[in-house]
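Visitor: Below is the structure I would like to discuss, written out as structure tokens.
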Amino acid sequence: MSNLGPGKGVEAVSSLQFERGDLSESNMFSDRPGRTFDSHGQGRHILEPPGDANREAKSQFAQTILDKLHDNLSKNKFDQLIVIAPPSMLGYLREKFSKQLSTRIIGEIDKDLTHLTARQIIEHITDFLAA
């Protein structure tokens, strides 16, 4: 969302959407897990799938957000930034913000506001906006 100054209001400029779909391990790794033999003896074991699929999808989405923010920063598309994200995502993003991007951040809201309308989100950021 963008605010171009006092009395100019707030408008949506672009959006990214995290498509959760079905990220259960069983659907991400639909083939039967591989098997391995013991190095000694006749025992067999199921190989665990690599990593947590949901965590990886969230990490990729966060990287998409970071790439977009850094691209817009390099094009001077904003002077100040308010970051709104659920606590775990906000923590992840904070770790990845460049120094240049961090200096533009004037506020952070650690809440999941994805279920709110644009008007409702604006109510959460009015304290950060110029009158």
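All of the numbers you see were taken from the coordinates with simple rules; none came from a lab. Remember, predicted model here, so these are calculated numbers, not experimental data. No Cβ is skipped: glycine too gets one built from the backbone with ideal geometry, and neighbour counts run over all protein chains shown.
Visitor: Is there a quick way to get the dipole size of the stretch 64-112? I mean about its Cα centre, with the Cβ of Lys and Arg at +1 and of Asp and Glu at -1; what is the value in debye to the nearest 20? Spell out each step's value before the answer.
Guide: Numbers: 8 positive and 7 negative charges, 35 e Å.
Dipole about the Cα centre, nearest 20: 160 debye.
Visitor: Any of Lys75/Lys99; Lys8/Lys111; Lys58/Lys96; Lys8/Lys75; Lys58/Lys99; Lys58/Lys111 with alpha carbons more than 20 Å apart? Name them for me. It would help to have the intermediate numbers written out before the result.
Guide: On the way: Lys75/Lys99 16 Å; Lys8/Lys111 25 Å; Lys58/Lys96 14 Å; Lys8/Lys75 22 Å; Lys58/Lys99 23 Å; Lys58/Lys111 16 Å.
Pairs exceeding the cut-off: Lys8/Lys111; Lys8/Lys75; Lys58/Lys99.
Visitor: Moving on. Could you list which residues have their amide H under 5 Å from that of Ile84, counting only those 5 or more apart in sequence or on another chain, with H placed in the peptide plane?
Guide: Answer set, sorted by chain and number: Ile109.
Visitor: Sticking with this one: State the extension gain, in nm to one decimal, for the chain segment bounded by Asn72 and His115, taking 0.36 nm per residue of separation less the distance between their alpha-carbons.
Guide: Numbers: separation 43, 0.36 × 43 = 15.48 nm, distance 2.51 nm.
Roughly 13.0 nm would be gained on extension.
Visitor: Quick one: if you stick a label point 7 Å off each Cα along the C-beta vector at Lys96 and Ala57, how many nm between them?
Guide: The two pseudo-label positions are separated by 1.6 nm.
Visitor: Here's a follow-up. Residues with amide H under 5 Å of Ile105's amide H, sequence separation 5 or more or different chain, H placed in the peptide plane at 1.01 Å from N; which?
Guide: Those lying under 5 Å, H to H, from Ile105 are Leu81.
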